[in-house]
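I have placed the structure first, in the form of structure tokens, so that the comments after it can refer back to it.
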Amino acid sequence: MMTRGLKAVPDPTDEVVALRRDMAAAFRLCHHFGWSESVGNHFSAAVSPDGRRFLLNPRWQHFATIRASDLILLDADDPGVMERPDAPDPSAWTIHGAMHRMLPQARVILHCHAPHAVALACLKDPTLLPLDNNTARFFGRIGYDLAFGGIADAAEEGLRLAEAMKGNTVLVMANHGVSIAGETVADAFEDLYFFEKAAQTLVLARSTGQSLSVLSDDVARATAAGWAAYRGMGQRHFDYLKSTLDARDPSWRE
């Protein structure tokens, strides 16, 4: 029986074991790409149909060390978790708890401070403009929260962020970073990967001081729709990346 975060949790199914391993891989890959930050930032994944029971990384454990068995299982309706010895980071509970309560379709939520995504979030206008295939990939599915108030550890912060994410799969958090929601870990990680590349493109293009060649809404919308046919690419990419982890340190699977 597993007891971290929830009492008397039944032994996990094969599906949950696989989810734990994918999450552990995502943490380690995030660090590999240079998107981790000290022992902060948080990834979560729902294990119940309503999204209210979810996996989360332990408080202040470095992404490079996370194993499948390290993830804690939480109940979004149980605020008492913050009073227990293995309580998660307050901002992780505030953001991910609220999102999993309010957005059951957001099965996996990845939040980090990737450099170019943060640079974009720090612009007075952090809109990701459609300039190419990668930036247009996200056309029509980004929410923007412009009400930065410091560390997001108050209940109202979590509710506001969840509301801003509603109907979207990406949330640009002004003066902060980015959160990505997906149906699977592979889907969410692929969007995180491409969002960082898209933000890099926009930041570099703006740095030239030249006028931007922004795609029309019709072209951007068609480009975003065109990406749907390539969804399987994300799983293939994620499977390859996991194989590189095995070569370096297979303990993520444990």
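The values are calculated or read from the model by the stated rules, or taken from the named source; none is laboratory data. Bear in mind the structure is a predicted one, so any value in this text is a computation, not a measurement. Here the Cβ is made from the backbone with ideal geometry for all residues, glycine too, and neighbour counts use every protein chain on show. Ligands, DNA and RNA are excluded from the accessible area calculation, which covers all protein heavy atoms including side chains. Shrake-Rupley method; radii C 1.70, N 1.55, O 1.52, S 1.80 Å.
Points to keep in mind about this one:
- Selection from the range 69-90 of residues that are in contact with a Pro (Cβ under 8 Å, 6 or more places away or on another chain), more than 24 Å from Ala154 (Cβ to Cβ) and either β-branched (Val, Ile, Thr) or open to solvent by 10 Å² or more (accessible area, probe 1.4 Å) (or both): Asp70
- Of the residues making up the range 93-149, those that are over 18 Å from the mean Cα position of the chain (by Cα) and either closer than 20 Å to Leu19 by Cβ or part of a helix (DSSP H, G or I) (or both) number 2.
- Any hit, the range 51-68, residues being part of a strand (DSSP E or B), small (Gly, Ala, Ser), in contact with a Pro (Cβ under 9 Å, 6 or more places away or on another chain) and crowded, with 21+ Cβ neighbours inside 10 Å: no
- Residue check, Leu159 open to solvent by 30 Å² or more (accessible area, probe 1.4 Å) and more than 16 Å from the chain's Cα centre (by Cα): yes
- Residue, nearest to Arg137 (Cα to Cα), within the range 201-221, restricted to residues that are aliphatic (A, V, I, L, M) and either surrounded by 15 or more Cβ atoms within 10 Å (Cβ to Cβ) or more than 25 Å from the chain's Cα centre (by Cα) (or both): Ala220
- Residue among Val39, Val81 that is farther than 13 Å from Val185 by Cα, assigned to a helix (DSSP H, G or I) and modelled with pLDDT under 95: Val81
- The range 52-74 - residue that is touching a residue at least 60 places away in the same chain (Cβ under 8 Å) and in contact with a Phe, Trp or Tyr (Cβ under 8 Å, 6 or more places away or on another chain) and, of those, nearest to Ala98 (Cα to Cα): Leu74
- Matching residues, the range 218-238, being touching a residue at least 12 places away in the same chain (Cβ under 8 Å) and among the charged types (D, E, K, R): Arg221, Arg231
- Arg101 passes every criterion in (1) buried (at least 21 other Cβ atoms within 10 Å of the Cβ); (2) within 16 Å of Ser179 (Cβ to Cβ); (3) of a type outside the set (Phe, Trp, Tyr) apart from (1).
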